[in-house]
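Written below as structure tokens is the structure these notes are about.
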Amino acid sequence: MSTLLAKLQIHPGMEAEFEEVMAYMYHQTHGSESDVLRYEYWRGREPGFYYCLLSFRDAVAFLRHQASAHHEGQILRFTQCIAALGLEAVDPVARASPLPPTLEGRLPPGESEAVQEQAQRFPIAAAAWWQQFRGNG
């Protein structure tokens, strides 16, 4: 499983456009991807800041999401809205989240070129310090 947290800063005046794109992405992702566990957006306290929690069955499912037709079809609109984007792998705390641990994934043989490109752009790495706490569940 892979869980990621994104912090997005939106260009001033682009918030409505961004929310329209994200509503589309939310419905397309949940409607067409069987390996999505969480995919949701929130407004932050600071003006123009948003957060997204993404959780997929595994790292490959996340990369397939990134390469999906509905994601790629909105990428221009999405990138026009974004001033800054931070994406990091996060690890759910046992007994404090229903999600399983975040694990790194290897692409299976024969994965599409688009998914391979996403793997280069968005490598998912588990932090070494997480391991010491995973046995306390």
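The values are calculated or read from the model by the stated rules, or taken from the named source; none is laboratory data. Quick caveat, the model's predicted, so the values are computed rather than measured. As a convention, Cβ positions derive from the backbone with ideal geometry for all residues, glycine included, and neighbour counts pool all protein chains shown. Note: areas computed on protein heavy atoms with side chains; ligands, DNA, RNA excluded. Shrake-Rupley method; radii C 1.70, N 1.55, O 1.52, S 1.80 Å.
Looking at this structure, is Tyr41 of a type in the set (Phe, Trp, Tyr), within 25 Å of Ala16 (Cα to Cα) and either modelled with pLDDT under 90 or crowded, with 17+ Cβ neighbours inside 10 Å (or both)? Spelling it out, Tyr41 is indeed of a type in the set (Phe, Trp, Tyr), within 25 Å of Ala16 (Cα to Cα) and either modelled with pLDDT under 90 or crowded, with 17+ Cβ neighbours inside 10 Å (or both). Of all residues in the stretch 116-134, those that are closer than 14 Å to His65 by Cβ have Cβ atoms under 6 Å from Cβ atoms of residues that are among the charged types (D, E, K, R), 6 or more apart or on another chain, in Ile124/Glu104. For the stretch 74-86, the criterion of being within 15 Å of Ser2 (Cα to Cα), of a type outside the set (Lys, Arg) and open to solvent by less than 30 Å² (accessible area, probe 1.4 Å) is met by no residue.
Hey, among Gly48, Gly13, which residue is open to solvent by 60 Å² or more (accessible area, probe 1.4 Å), on the phi > 0 side of the Ramachandran plot and modelled with pLDDT of 95 or more? Sole residue among the options that is open to solvent by 60 Å² or more (accessible area, probe 1.4 Å), on the phi > 0 side of the Ramachandran plot and modelled with pLDDT of 95 or more: Gly13.
Can you tell me which residues in the stretch 95-117 are part of a helix (DSSP H, G or I) and of a type outside the set (Val, Ile, Thr)? Answer for the stretch 95-117, where residues must be part of a helix (DSSP H, G or I) and of a type outside the set (Val, Ile, Thr): Glu113, Ala114, Gln116, Glu117.
The residues of the stretch 39-56 that are without any contact (Cβ under 8 Å) to a residue 40 or more places away in the chain and over 10 Å from the mean Cα position of the chain (by Cα), listed by number, are Tyr41, Trp42, Arg43, Gly44, Arg45, Glu46, Pro47, Gly48.
I need the full set of residues from the stretch 118-127 which are open to solvent by 30 Å² or more (accessible area, probe 1.4 Å) and either part of a helix (DSSP H, G or I) or on the phi > 0 side of the Ramachandran plot (or both), in order please.
Gln120, Arg121, listed by residue number.
Results for (1) in contact with a helix residue (DSSP H, G or I) (Cβ under 9 Å, 6 or more places away or on another chain); (2) over 17 Å from Val36 (Cβ atoms); (3) of a type in the set (Gly, Ala, Ser); (4) exposed (fewer than 15 other Cβ atoms within 10 Å of the Cβ), shown as yes or no for each residue.
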site: Arg64; (1), (2), (3), (4): yes, no, no, no
site: Glu88; (1), (2), (3), (4): no, yes, no, yes
site: Pro108; (1), (2), (3), (4): yes, yes, no, yes
site: Gln116; (1), (2), (3), (4): yes, yes, no, yes
site: Trp129; (1), (2), (3), (4): no, yes, no, yes
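Each residue in the stretch 90-106 was checked for being open to solvent by 60 Å² or more (accessible area, probe 1.4 Å) and among the acidic types (Asp, Glu), and 1 pass. Within the stretch 98-116, at least one residue is within 16 Å of the chain's Cα centre (by Cα), among the aliphatic types (A, V, I, L, M) and under 18 Å from Ala6 (Cβ atoms). A search for C-beta distances below 6 Å between a residue of the stretch 1-28 that is of a type in the set (Val, Ile, Thr) and any residue that is in a strand (DSSP E or B), counting only pairs 6+ apart in sequence or on different chains, returns Thr3/Ser55; Thr3/Val90.
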